[in-house]
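Colleague: Just dropping this structure here.
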There are 4 protein chains.
Amino acid sequence: MTEHDDDRPRQPGRTVARSDPGRAMAFSDAVIAIVITVLVLDLRPPDTEPGGLLAGLLDEWPTYLAYAASYVYLAVIWLNHKAAFTRIREMDIGLQWANLGILATLALVPWPTAVIANTARTGNLADERVAVALYAIIGALLCLSWLVFFSYLARHPDLTHDHVDDDYFAHERPRALIGVLLYLAAGAAGVFIHPLVASVIFLVLPVFYGITSHGYDQGPSFLRRGAGSAKSS
Amino acid sequence: MTEHDDDRPRQPGRTVARSDPGRAMAFSDAVIAIVITVLVLDLRPPDTEPGGLLAGLLDEWPTYLAYAASYVYLAVIWLNHKAAFTRIREMDIGLQWANLGILATLALVPWPTAVIANTARTGNLADERVAVALYAIIGALLCLSWLVFFSYLARHPDLTHDHVDDDYFAHERPRALIGVLLYLAAGAAGVFIHPLVASVIFLVLPVFYGITSHGYDQGPSFLRRGAGSAKSS
Amino acid sequence: MTEHDDDRPRQPGRTVARSDPGRAMAFSDAVIAIVITVLVLDLRPPDTEPGGLLAGLLDEWPTYLAYAASYVYLAVIWLNHKAAFTRIREMDIGLQWANLGILATLALVPWPTAVIANTARTGNLADERVAVALYAIIGALLCLSWLVFFSYLARHPDLTHDHVDDDYFAHERPRALIGVLLYLAAGAAGVFIHPLVASVIFLVLPVFYGITSHGYDQGPSFLRRGAGSAKSS
Amino acid sequence: MTEHDDDRPRQPGRTVARSDPGRAMAFSDAVIAIVITVLVLDLRPPDTEPGGLLAGLLDEWPTYLAYAASYVYLAVIWLNHKAAFTRIREMDIGLQWANLGILATLALVPWPTAVIANTARTGNLADERVAVALYAIIGALLCLSWLVFFSYLARHPDLTHDHVDDDYFAHERPRALIGVLLYLAAGAAGVFIHPLVASVIFLVLPVFYGITSHGYDQGPSFLRRGAGSAKSS
């Protein structure tokens, strides 16, 4: 029950167990697809008296907002996952577990989403504070799992493709760390100021993250890290 | 955390971040497979008194009809998705989000389906009007997401395969737009005339769409857009 | 929004819309994987008083049996699906819909399974008759969807690989037809004799089907249809 | 409806039905991805009075622990499954059923996990004993399904890649057998000593299994089975 380089017989001298990222990518895709879909499928017909359907549907607006925010968040994560894996040449057992850590925290996202949607319906302020704090903790954990993933890749440049800058993943770490801090700050703001403040930050953060993350390479050329030099090396 | 052309080193001069559609296709397949299956799996044993199972099962007929209609609708969407992606050579971040928009609205379909099935059971006319209006809005949103997708591809012909007509996706736009209008019209008919009218249109629309969509190229040759000329170009 | 031979530019003269079975296979795998897994995941902790867990778990034995039978049934279907698709070279829109028909009826299986498990718990004989009749109808529908699939392939030998006997799928039809009749007969036996008779047949049928289906080619050589001659043609 | 070597026409003389492991691997990945994700998605907002959310969330700690343990267990299984399949060249019908056996027992894991989490909440000692016994039985069954899988491969060395030691899978059997015994021992300790003892073993076992399993090949070289000699053969 081990994982070694049987599928790459061209390197018989290697002793460390490694494998092609193909199956890990397909597995991750399946997990993210399930989480993002189940999140949307969690929308159920409201439990209303006959004649009360319209009011029941309109009352659910915080739910719609919460699910939209989480959908965008998970979509951004999938795009980042896809982008990261185009740079990975092979995986060792440490990277497998780092990836499984991302998948575990990512699969948690629908849970605080449902908790926030629930408390928004009942409208108890103490519960709303707890709910945004929970969302903030899961959001921070998710960024933390990316920080671990990037750090592992930064310390193991031999796992990436030859044309990837050796310090590419080292440069990704601050972005993940900032995510950890921003989610914790949003949670603190939700607890000590007002849950609505946290909710707005939860809505804005993934959008901002999505734009900047891809703007990084697609923005004005002087902002782009030397992709050309990486390729020529 | 960006997406660029690492996986296609043969085009070192490109600066815009692009990727192979393979993983987006697999991800979409997984999402559509989950939605279409969960839709069917939503059928549950009726909650009846001992001895009342037969009556309970027969009473559920609007549910069976609603699920059959949504299944055909989602199957038509999957076939169209598959057909569209055979024409896509590579994806940029805009096309990724256009595709994620289709997946998000598509995953919403089981929700109004369950709402319609619920109201059909209770038989409150006001609720039935709201339910068909909701279904119409989601149906229109789904067609709208396809309109955005086709428009994006029409404006970016460099993302499609060489043998695809430059105006292929421009020609697909009216079909999506007509879908938006037909779903809204069906919803209006359901609200102002009778919910049953809307339900019949919801049942017929996907079937009609499915037939005409494929008849487009498979019908008599004088109806087919010049596939030959596209290929010779 | 059509499906034609863009992905196989080597046959520019073809006018009928066809596609590679790859994505249909992946989609079918995903649907069957979801159905078979959700079936098992439907097992929930019994709703018992404190201290009553053991009795609660033991009382569920008809559920375990029902799920085991459906799991084996779905597993046999997946193996048959896989075996059929190794013979399919390309798919047209008719075959796509025949396959979507199999997937739709297959996804229904957990529903009568749960209905049977429910009635077995309450022990009302009238309900048990209805439940086995429902299971028989879904089982027959599933065999019917295979009959349609095989008939379509029998009438379109150009969709199969060159080394497949032209009458291979014609020879598969009787097996599907027998399945339709056996499920209906089991249902009738359940209604007119006793539900237990039907339940036993439901348990035995997939096992018998699974064994004979693969024995067809793996049994003594004089039972095997001329695979060699098919290959030499 | 059979499975033979159509997809590998290069061996026309073979009479036994065999197939490429590709589709079985994709199917297994999908099943494991669904099980591991649904396990996490099973976390729901606690059903609390307004203002009681924090206490409700904190009360759920046994649930979090139970899900964490099962997640790690399923992740270890996926890694082992992936590692085993890199050694498999082709599958016959017996190996297909052995794999379907692993998938069936693996999909059962969320069930005793939820049962344990439930009883931990109610705190009835008799129920807790039953719950850990159930978990132990499912855990033992899962190891047993691996034992069957390894034994089948040990008896059919022709199904593995040429560079795999003929006794590789024979050597894997004791590890699976030890798993059966350890889970049964943990269950017995839970019933006759205290459920907490079993719970701790359930938490530790997968971690221990995960480490030793991969340490097997990655540990000091004198512990590694002669991978080099296997390759030279």
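Colleague: Got at least one residue in segment C:96-114 being in a loop (DSSP other than H, G, I, E, B), more than 20 Å from D:Ala104 (Cβ to Cβ) and more than 11 Å from the chain's Cα centre (by Cα)?
Modeller: Within segment C:96-114, none of the residues are in a loop (DSSP other than H, G, I, E, B), more than 20 Å from D:Ala104 (Cβ to Cβ) and more than 11 Å from the chain's Cα centre (by Cα).
Matching residues to (1) more than 26 Å from C:Ala33 (Cβ to Cβ); (2) more than 7 Å from chain C (Cβ to nearest Cβ):
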{"residue": "B:Gly22", "(1), (2)": "no, yes"}
{"residue": "B:Phe27", "(1), (2)": "no, yes"}
{"residue": "B:Val31", "(1), (2)": "no, yes"}
{"residue": "B:Leu39", "(1), (2)": "no, yes"}
{"residue": "B:Gly51", "(1), (2)": "yes, no"}
{"residue": "B:Leu54", "(1), (2)": "yes, no"}
{"residue": "B:Leu58", "(1), (2)": "yes, yes"}
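Colleague: Also, quick follow-up: Restricting the search to segment B:116-129, which residues are touching a Leu at 6+ places or on another chain (Cβ under 7 Å) and open to solvent by 20 Å² or more (accessible area, probe 1.4 Å)?
Modeller: Listed by number, the list is empty, since nothing qualifies.
Colleague: While we're here: Considering (1) in contact with a Ser or Thr (Cβ under 8 Å, 6 or more places away or on another chain); (2) surrounded by fewer than 21 Cβ atoms within 10 Å (Cβ to Cβ), say which one A:Thr113 fails and leave the rest.
Modeller: So the condition that A:Thr113 fails would be (2).
Colleague: Would you please list the contacts, defined by Cβ atoms under 6 Å and residues six or more apart or on different chains, that run from a residue in segment C:113-130 that is facing chain B (nearest Cβ under 7 Å) to a residue that is of a type in the set (Ser, Thr, Tyr)?
Modeller: Filtered contacts from segment C:113-130: C:Asp127/C:Thr119.
Colleague: Further question: With (1) open to solvent by 10 Å² or more (accessible area, probe 1.4 Å); (2) over 14 Å from the mean Cα position of the chain (by Cα); (3) touching a residue at least 40 places away in the same chain (Cβ under 8 Å) as the list, and C:Leu153 as the residue in question, which single condition is left unmet?
Modeller: Every condition holds for C:Leu153 apart from (1).
Colleague: Quick check on C:Leu142: is it within 30 Å of C:Ile88 (Cα to Cα), within 7 Å of another protein chain (Cβ to nearest Cβ), assigned to a helix (DSSP H, G or I) and open to solvent by less than 40 Å² (accessible area, probe 1.4 Å)?
Modeller: So C:Leu142 does not fit the description; no.
Colleague: State whether one or more residues within segment B:176-190 are within 14 Å of chain A (Cβ to nearest Cβ) and assigned to a helix (DSSP H, G or I).
Modeller: yes
Colleague: With the checklist (1) open to solvent by 10 Å² or more (accessible area, probe 1.4 Å); (2) within 10 Å of chain A (Cβ to nearest Cβ) in hand, flag the one item B:Ala66 doesn't pass.
Modeller: If we test B:Ala66 against (1) open to solvent by 10 Å² or more (accessible area, probe 1.4 Å); (2) within 10 Å of chain A (Cβ to nearest Cβ), just (2) comes out false.
Colleague: Same structure, new question: If you scan segment C:17-72, which residues turn out to be small (Gly, Ala, Ser), over 22 Å from the mean Cα position of the chain (by Cα) and assigned to a helix (DSSP H, G or I)?
Modeller: C:Ala55, C:Gly56
Colleague: Continuing with the same structure: Does D:Val164 satisfy being within 14 Å of chain A (Cβ to nearest Cβ) and touching a residue at least 12 places away in the same chain (Cβ under 8 Å)?
Modeller: Yes, satisfied.
Colleague: Among what's in segment C:37-62 and is of a type in the set (Val, Ile, Thr) and touching a Leu at 6+ places or on another chain (Cβ under 7 Å), pick the residue that is surrounded by the most Cβ atoms within 10 Å (Cβ to Cβ).
Modeller: Among those residues, the one meeting the criterion is C:Val40.
Colleague: I would also like to ask the following. Residue by residue through segment C:146-166, note down the ones that are in contact with a Leu (Cβ under 8 Å, 6 or more places away or on another chain) and assigned to a helix (DSSP H, G or I).
Modeller: Once the filter is applied, which keeps residues that are in contact with a Leu (Cβ under 8 Å, 6 or more places away or on another chain) and assigned to a helix (DSSP H, G or I), segment C:146-166 yields C:Leu147, C:Phe149, C:Tyr152, C:Leu153, C:Leu159.
Colleague: Quick test of your reading of the structure: D:Ala84 fulfils all but one of (1) out of contact with any Leu (no Cβ under 7 Å at 6 or more places or on another chain); (2) surrounded by fewer than 22 Cβ atoms within 10 Å (Cβ to Cβ); (3) of a type in the set (A, V, I, L, M, F, W, C). Name the failing condition by number.
Modeller: Of (1) out of contact with any Leu (no Cβ under 7 Å at 6 or more places or on another chain); (2) surrounded by fewer than 22 Cβ atoms within 10 Å (Cβ to Cβ); (3) of a type in the set (A, V, I, L, M, F, W, C), only one is false for D:Ala84: (2).
Colleague: Any chance segment C:168-186 includes a residue that's open to solvent by 30 Å² or more (accessible area, probe 1.4 Å), modelled with pLDDT of 85 or more and over 19 Å from C:Asn80 (Cβ atoms)?
Modeller: yes
Colleague: Within segment A:40-56, how many residues turn out to be over 18 Å from B:Gly123 (Cβ atoms) and without any contact (Cβ under 8 Å) to a residue 40 or more places away in the chain?
Modeller: Qualifying residue count, segment A:40-56: 5.
Colleague: Quick one: is A:Val132 crowded, with 21+ Cβ neighbours inside 10 Å and at pLDDT 90 or above?
Modeller: yes
Colleague: Can you name the residue in segment D:93-105 that is facing chain C (nearest Cβ under 9 Å) and open to solvent by less than 10 Å² (accessible area, probe 1.4 Å) and, of all such residues, is modelled with the lowest pLDDT?
Modeller: Within segment D:93-105, the match that is modelled with the lowest pLDDT is D:Gln96.
One line per residue, one yes/no per condition, for (1) farther than 29 Å from B:Ala114 by Cα; (2) not hydroxyl-bearing (Ser, Thr, Tyr):
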| position | (1), (2) |
| --- | --- |
| A:Leu43 | no, yes |
| A:Tyr73 | no, no |
| A:Ala83 | yes, yes |
| A:Leu106 | no, yes |
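The values are calculated or read from the model by the stated rules, or taken from the named source; none is laboratory data. Keep in mind it's a predicted model, so treat the numbers as computed, not measured. Methodologically, a virtual Cβ is constructed for each residue, glycine included, from the backbone with ideal geometry; neighbour enumeration extends over all protein chains shown. Surface accessibility is based on the protein's heavy atoms, side chains included, excluding ligands, DNA and RNA. Shrake-Rupley method; radii C 1.70, N 1.55, O 1.52, S 1.80 Å.
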